[in-house]
Structures are given as C-alpha cells and as structure tokens.
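Throughout, read-outs are computed from the coordinates displayed, never taken from laboratory work. Since the model is a prediction, treat every value here as computed from it, not as a measurement. Heads up, the Cβs are rebuilt from the backbone with ideal geometry, glycines too, and the neighbour counts pull from every protein chain shown.
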Amino acid sequence: MPFERILLRNVDVPNSEKIGTYLERGGYQALRKALQEYTPDELIEIVKASKLRGRGGAGFPAGLKWGFMPKGDVTKYVCVNTDEGEPGTFKDRLLVERDPHQVIEGTIIASYAVGAHRAFVYIRGEFFMGVKRWIKAIADAYDHGFLGKNILGSGFDLDLSVHRGAGAYICGEETAMLNSLEGKRGEPRLKPPFPAQVGLYGQPTLVHNVETLANVPHIVLRGPEWYASIGTEQSTGPKIFCISGHVKRRGNYELPLGTPLRKIIFEHAGGMRDDRPLKAVIPGGASTPVLTPEYLDITMDFESLAKAGSMLGTGAIIVLDESTCMVDVARRLTKFFAHESCGRCTPCRVGTQRMLEILNRIEYGQGQEGDIDLLLSLCEGIAGRTFCPMGDAAVNPTLSTIKHFRDEYEYHIKHKRCPAA
C-alpha cells in the first residue's frame, strides 16, 4: 500500500498555492478546532503527545520547545525559518511555493499555543517565487479573517509578515537568523540563553522550520495518537525526504520516519542511474557524515542514523555511484562551508580555508605525504571548538570520507590522479 501523503497532499493540485484551493481541501479547519475547542496549554500537551520533532535538522521535540516559552502577559514572537540553505535540501521551498497556507495555519496555531501575537517569516533571499507566494498567501489569510484582529471570533490576534535574508547559510541557525531579522550581521549568539527565553528583540521567541509547522494542523485535526502511530516509537510522523544525486527519479518523497534507506533509493527513487553500483550516501544533507552501501538497510530515523555515526539532519539523501571521486566530494562541500563561514571564530574562519587548500592540493595531483594526517588534525582543531555547530558540520564531509575511503585519498597522493576517473 502506498503511503498516504499528508504534508504533500496538495502540491500537485492545480492552483495549490491559492487560498480557495486550500479551503476546498479542508484548509483552516484545524485552526477553527484549535481556537474553539482547546486552550493554549491543551494544544501544547497535544503536540507533546504526538512526539513531533523538529524537521530543520536538530530533531528537538516541538512540544517541549513550546513548553519552554514563558506564560503570562509578556511580549512573545514566533519565527518561521525558511532559510533553507543546506546543499541537497529542497523540501521547505516546495511547501512554501506549492502549499503556503498549510504552513501559515501551523504558524497561527503555534502562536496561539505559546501566546504570541506577532510572527515573522524569514526566507532565503534567492527564493523569489517563495517570497511572492508568502506575501500573497498572507494577504489572503488576512482577507479571510485568519490573521489580524479577533481571528475567527476567538479574541486571539496575530500579525504575520515576510522578511528576506541575503542568502547566508549561517542564518539557517536560529540565533543567526534572529540577528539578521533585527538588522544585524548574521552571526550566531551564545546559548544559553536560548531563544525561548531571550530571542528576537530580547523577547521569548519560538523558532520553527517550515516542515515542522506544516505538521501541526494535521496533529490538531486528526489527533496526536494518529500522528504518533506513524513512524517509529521515538521518531514519529511523516518526513519529506529530498533525494538527489545518481538516482533515476530525483525529487521530494513523503514517507514515514523509519523507512529503510534501501527502499527509498531503489523503490521510490527508481534505483541507481545507469544501473551503476552504489558507492556512498549522504543521508541528511551536506553536513551529515557519509555512509557506505553496508548501511543500506538502515531505517531513516533520528536514532538509527545516530547509532550508525551519521544524522537524519534535514532528510536530504544524496546518492553517489562508483564514478564519484570522494576526495572531490569532500573538497566541494568544504568549499561551500568555507565560503559560508560567518567569520566570527578563528577555527571555522581559518581552519576551513586551510582544509580547502589541502583538499584542492590532493584533488589536483599535488598531494603530499602527511596531508591526510594534517586534514585530520585540522578537523580535530575545528570540531567542538567553534561558536556554533557549523564547525562540526564543516568537518563531517572530510572526516567521514577519510574514514570510509582513506585508500582513495592515498591513491590521489601517490599516483597524482583520481582512481574513479
């Protein structure tokens, strides 16, 4: 039986971005139910019971995050993180361009639950269509009484607006995004305090990824027990997997968390392009450690991938066949991270550049004895020593490719050419 699409159920419908289409397909019924039948505290407990975890990469329990927001009459904010900059990830862009009202509905429910009357959308500057769709969808939501004063006669008020970033990967990190929203340089803040205590403009702030918020209306409408029945015991619900690389059918696939990697690649994505053998898989976006074919039967959930030494991350599966040079994979991804470093701390600002210089040297036939150990030493000096987690992310491609494909690095250095060429 094919899995019932939940988050992507509208994306192939004509005019799916329009409020009329969304309403015809049951849109905003969850908002009515939330405002009319539940108190804010009850909604928080519902999300906790669903075991929904953040879909932006960290996988933190959403209900717990909502519960961290202070009670009482204090100014609070909700921020929708649409700064999707992880290489290989393209799920949030699809949701915003094809079904923005689903995300808006989830945002309103979350704002009501935590007592926020002002919400902000932060979107990557390059997503031109996404910006237009957000602006239009928000305007229509105001016109239909889903935003603004006294929403659906409930007495709850909420204003929502869109703000474009300048295309900085680091602004996907929640505190860097908050700095950018305030008009400051997009650099991470020291945590603690966490945004739930001190966030936007110094006020308590709930920050959520687009896909996370898209789950909320379905949890409210169909119940937390239904939601928790999907996936695994600890990783519940549907997940949008972005599949790219050397497969026959690249794209977004919505499947239950816990779906085996082999099934995703060979059934849903059609198998390997040109039927070449699989060489490696990056399971959760560019910042997650590479896996080899021996892990094909792993289930795609937070716990299983952590045990395997990698991460689910954003669920962006990058598939690589035997023609791929793994040194070049590490080089290209390190080039990205070196370019996107905010420059705040020396290990990341300087260390990634030195890593890139060595990887360039190895890839272009100028590698030297000791380069591999030098790379490992640099990784050790970066990981765990940077102001934010980007340092750990930046070294993962190099560390994991050396771990699984060290012989390929050695071949480059010894023979001055790539064995995969």
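Counting every alpha-carbon pair across segment 122-211, the share separated by more than 21 Å comes to 42%.
Selection among Pro389, Cys342, His404 by position relative to the dipole of segment 326-415 gives Cys342 as farthest towards the positive end (Cβ unit charges, Cα centre). Close amide H pairs (under 5 Å, H built 1.01 Å from N) link Arg53 with Ala62, Thr236, residues at least 5 positions away or on another chain. Please work out whether segment 19-228 counts as rounded, prolate or oblate from its C-alpha gyration tensor, where a ≥ b ≥ c are the square roots of the eigenvalues and a/c under 1.5 means rounded, while otherwise a/b larger than b/c means prolate and anything else oblate? Here segment 19-228 falls in the rounded category. A simple rule links phi to the HN-Hα coupling: the Karplus curve 6.51 cos²θ - 1.76 cosθ + 1.60 with θ = phi - 60°, which for segment 150-156 gives 6, 4, 6, x, 8, x, 8 Hz, with x for Gly and Pro.
Under 5 Å between amide hydrogens, built in the peptide plane, is the criterion, and for Val207 it picks out Cys79 among residues at least 5 positions away or on other chains. For segment 238-321, the Kirkwood hydrodynamic radius from C-alpha pairs, put into Stokes-Einstein at 20 °C and a viscosity of 1.002 mPa s, yields a diffusion coefficient of 176 µm² per second. Principal-axis analysis of the Cα atoms of the chain puts helix 40-50 at an angle of about 40° to the longest axis. Averaging Cα coordinates gives a centre for segment 90-121 and one for segment 247-298; these two points are 29 Å apart.
Charge dipole (Cα centre; +1 on Lys/Arg Cβ, -1 on Asp/Glu Cβ; no other charges) of segment 326-415 amounts to roughly 340 debye.
Qualifying trypsin sites (Lys or Arg not before Pro) in segment 46-118, where qualification requires a DSSP coil assignment and no more than 13 other C-beta atoms within 10 Å, comprise Lys71.
Backbone amide hydrogens, once placed in the peptide plane, bring Val247 within less than 5 Å of Arg273, excluding anything fewer than 5 places away on its chain.
Classify segment 326-415 as rounded, prolate or oblate, taking a ≥ b ≥ c as the square roots of the eigenvalues of its Cα gyration tensor: rounded when a/c is under 1.5, otherwise prolate if a/b is larger than b/c and oblate if not. Judged from the Cα gyration tensor, segment 326-415 comes out prolate (a/c at least 1.5, a/b above b/c). Counting only DSSP beta bridges with both residues in segment 19-228, the antiparallel share comes to about 10 percent. Each Lys and Arg contributes +1 and each Asp and Glu -1, all at the Cβ; summed about the Cα centre of segment 3-94, the dipole is approximately 140 debye.
To the nearest ten degrees, helix 346-363 and the longest principal axis of the Cα atoms of the chain are 50 degrees apart. A simple rule links phi to the HN-Hα coupling: the Karplus curve 6.51 cos²θ - 1.76 cosθ + 1.60 with θ = phi - 60°, which for segment 272-284 gives 6, 4, 6, 6, 6, x, 6, 10, 7, 9, 9, x, x Hz, with x for Gly and Pro. Taking a straight line from the alpha carbon of Lys76, these lysines sit under 26 Å away, with near neighbours fewer than eight places off in the same chain left out: Lys33, Lys48, Lys51, Lys65, Lys136, Lys149, Lys184, Lys191.
Each of Ala306, Val281, Ala330 was placed along the dipole of segment 276-346 (beta-carbon charges, centred on the mean Cα), and the one lying farthest toward the positive end is Ala330.
When the chain is treated as a Gaussian network with alpha carbon springs shorter than 10 Å, the biggest mean-square fluctuation among Asn252, Asn360, Asn150 belongs to Asn150.
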